[in-house]
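What follows is calculated from the coordinates using simple rules that are stated; it is not laboratory data. Treat the numbers as computed from the prediction; the structure is a model and nothing was measured. Positions of Cβ are backbone-derived with ideal geometry, glycine not excepted, and every protein chain shown enters the neighbour counts.
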Amino acid sequence: MNDQPSKPELDHLGIAVPDLEQGLALWRDTLGLELTGIEEVPSEGVRVAVLQIGGTRIELLEPLNDESPVAKHLEKRGAGIHHVAVKVPDLEAAQQRLRDAGKPPLRDEARPGAGGARVNFLHPKHAGGVLLELTTGHGSHGD
């Protein structure tokens, strides 16, 4: 079965946290969201905890090192929403439409993301102040 949407849809919200266990204490333990997996994404310099909430997910993002974009986000802005991720039916076509509109993605090519997805980002200056992740979507997660 093809899980690609025919139109873009909300995939997840990425929330920067300095410590996954502290983040999980709220989202999993207090609010009762289901933890579907934790994984490292070296290409983005993060450890990710994926929590299911309705038909979408919340991804808690803990930096793996001080050079991680999430570490820089935490240093500048503190914990909180890092990005909004939109699943697109055709990542290459979406990236090209952005380039054609004068809003180039942050990278020339998509990179591996959590859950086996391919991802690229649009700078907040081109997206109304929001870091926008374009994604192919995610497979299943395991702890």
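Angle check, please: helix 91-100 long axis (alpha carbons) against the longest principal axis of the chain (alpha carbons), in degrees 0 to 90, nearest 10.
With rounding to tens, the tilt is 60 degrees.
Please list, or write none, the lysines whose alpha carbon is within less than 22 Å of the alpha carbon of K87, excluding same-chain residues fewer than 8 places away.
K7, K103, K125
T30 label point, 7 Å along Cα→Cβ, cut-off 16 Å on backbone N: hits in the range 66-88?
The answer is 79-81, whose backbone nitrogens lie closer than 16 Å to the label point.
Which order do H12, H73 fall in if you start with the one that has the fewest other Cβ atoms within 10 Å?
Starting with the residue having the fewest Cβ neighbours, the order is H73, H12.
If you split all Cα-Cα distances of the range 9-135 into 5 Å bins from zero, what percentages do you get per bin, shortest first?
It works out to 2, 11, 20, 25, 20, 13, 6, 2, 0, in whole percents.
Run the helix sum for the chain: -39,500 (n - 2.57) per DSSP H stretch of 4+ residues, divided by residue count, reported at 222 nm to the nearest 500 deg cm²/dmol.
-4500 deg cm²/dmol
Using alpha-carbon pairs under 8 Å, 6+ residues apart, how would you state the relative contact order of the chain in percent?
27
Please list, in chain and number order, the residues 5+ apart from F121 or on another chain whose amide H is under 5 Å from its amide H, with Hs placed from the backbone.
L106, R107, L134
Suppose each label sits 7 Å from its Cα in the direction of the beta carbon; what would the K76-K125 distance come out to in nanometres?
Output for this residue pair reads 1.1 nm.
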